[in-house]
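Q: The structure under discussion is supplied below as structure tokens; questions concerning it will follow.
The values are calculated or read from the model by the stated rules, or taken from the named source; none is laboratory data. Every value quoted in this text rests on a predicted model; they were computed, and no experiment measured them. Heads up, the Cβs are rebuilt from the backbone with ideal geometry, glycines too, and the neighbour counts pull from every protein chain shown.
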Amino acid sequence: MAICLSSASFSLPKHHSLISPSQFLLFTKKNSLLTCKSTNDSNEDYLLDAPVSVGDGFSFSGGKYSDEPSPADEWFKQGKYVKAHPVGGTGEKAKDPIFGLVMAGSSQSSTDLFRWFCVESGSTANPPVILIHGFPSQAYSYRKVLPMLSKKNHAIAFDWLGFGFSDKPQPKYGFDYTLKEYVDSLESVVDKFSKDKVTLVVQGYFSPVVVKYAKDNQEKISNLILLNPPLTEKHGNLPSTLAIFSNFLLGEIFSQDPLRASDKALTSSGPYKMKEDDAMVYRRPYLTSGSSGFALNAISRSMKKELKGCIEEMRKTLMDENWKVRTTVCWGLRDRWLSFDGVEDFCKESKHQLITLPMAGHHVQEDCSEEIGDIIAGILSKRRRI
């Protein structure tokens with residue numbers, strides 16, 4: 001039995017019960033890591049800043065889980081940065097919105113163009129397919145889909161500004177996270193990845209942004225694949241799990257909580273439970289910089305304000321007779337955020353293909369990655385799959 005308390009970390013294995021007054025706590029330093037020991041002979045010592053295999057694998061200390069390689073480090077090594085979309089603002093140093101203090105250098109954006117983190121797989125000579133994550137998520141959600149598509153395509157997944165390893169400018173200091181800004185920035189980053197026609201795959205609440213971009217650039221798009229997009233009027237309200245980040249003051253506080261901002265936001269939308277290794281990757285941005293939370297807060301406010309209008313515009317676009325892009329809707333039927341009611345009727349009326357995944361939730365690429373990878377590959381090879 002062991003309990004450790006410090007100003008930076010808290011670690012308590014789930015199988016332990018509360019400590020009794022008679023038990024003894026001893027804190028020692030070993031190799032710069034805090035070791036906790038108990039007085040019994042069960043030999044259950046563990047480290048606060050330790051690999052996930054020891055203790056619960058979670059610590060706020062320095063924004064890192066341990067000094068050993070983590071899944072986030074491994075994912076980062078696979079990617080690279082590309083620079084796209086001009087940085088706006090006045091050039092002043094960003095300040096946090098609560099106390100007005102100048103934020104650290106790691107919270108500042110580039111001075112000319114924003115840095116986008118992306119992971120590529122497959123030959124650049126093959127037709128490009130760009131995998132776009134939803135809100136809130138990361139390119140990491142496509143980690144199992146990328147290699148499946150790389151056999152015949154140049155597959156690319158990127159982090160939106162404000163997410164993952166991409167730049168997270170403080171609102172009013174270069175990027176305000178409006179949906180229009182996301183449309184404009186998407187054009188810049190797509191042009192950076194490829195000058196040829198591309199297939200766009202987008203999941204969730206960023207679908208209206210991608211459809212708006214595609215409407216104005218139909219000549220550049222060969223296929224559009226929407227994964228659980230908000231399509232009906234009922235989808236215009238953010239679920240409470242996301243809407244809470246837009247609240248005054250409370251939103252700023254909750255946006256800084258890595259468990260609420262990543263774990264709860266992802267696992268509450270569907271049937272799956274993340275493995276600890278995967279959770280560590282999604283938490284990393286919120287552990288390393290407060291700018292991730294401030295970005296999440298700003299995005300939530302924009303979504304809450306603009307989502308209904310953007311969904312209505314997306315519906316009109318997809319049903320317009322001038323819409324020429326081949327479009328497929330893939331829907332995880334166990335989505336806890338967006339109801340399936342009305343989705344089938346919309347697809348029939350708009351004459352877009354609908355593919356349902358009975359075991360997937362809102363983040364279909366997490367729940368059924370192999371299946372969605374096969375579906376996308378089939379669409380790209382012009383095989384129709386029902």
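Q: Under 6 Å between Cβ atoms, which residue pairs at least 6 apart in sequence (or on different chains) link something in the range 287-305 that is outside any helix (DSSP H, G or I) with a partner that is surrounded by fewer than 20 Cβ atoms within 10 Å (Cβ to Cβ) and not acidic (Asp, Glu)?
A: Sorted first by the residue in the range 287-305, then by its partner, the pairs are 289/106.
Q: Another question about this same structure. Of all residues in the range 210-235, which are free of Cβ contacts under 8 Å to residues at least 60 places away in the same chain and surrounded by fewer than 20 Cβ atoms within 10 Å (Cβ to Cβ)?
A: Hits for the range 210-235 are 216, 217, 219, 220.
Q: Would the range 318-326 turn up any residue that is of a type outside the set (A, V, I, L, M, F, W, C), modelled with pLDDT of 95 or more and either in a helix (DSSP H, G or I) or buried (at least 22 other Cβ atoms within 10 Å of the Cβ) (or both)?
A: No, every residue in the range 318-326 fails to be of a type outside the set (A, V, I, L, M, F, W, C), modelled with pLDDT of 95 or more and either in a helix (DSSP H, G or I) or buried (at least 22 other Cβ atoms within 10 Å of the Cβ) (or both).
Q: Filter the strands (runs of 3 or more DSSP E) completely within the range 67-167 down to those with at least 1 residues that are at pLDDT 85 or above and loosely packed, with under 14 Cβ neighbours inside 10 Å.
A: Of the strands (runs of 3 or more DSSP E) lying wholly inside the range 67-167, those with at least 1 residues that are at pLDDT 85 or above and loosely packed, with under 14 Cβ neighbours inside 10 Å span 80-86.
Q: Here's another thing I want to ask about it. Quick one: which residue in 269, 302, 240 is at negative phi, surrounded by 22 or more Cβ atoms within 10 Å (Cβ to Cβ) and of a type in the set (Ser, Thr, Tyr)?
A: 269
Q: Please specify each residue of the range 279-329 satisfying the condition of being touching a strand residue (DSSP E or B) at 6+ places or on another chain (Cβ under 6 Å) and among the hydroxyl-bearing types (Ser, Thr, Tyr).
A: The answer is 327, 328.
Table: residues versus (1) surrounded by fewer than 23 Cβ atoms within 10 Å (Cβ to Cβ); (2) in contact with a Pro (Cβ under 6 Å, 6 or more places away or on another chain); (3) under 29 Å from residue 212 (Cβ atoms).
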position: 245; (1), (2), (3): no, no, yes
position: 256; (1), (2), (3): yes, no, no
position: 260; (1), (2), (3): yes, no, no
position: 307; (1), (2), (3): yes, no, yes
position: 312; (1), (2), (3): yes, no, yes
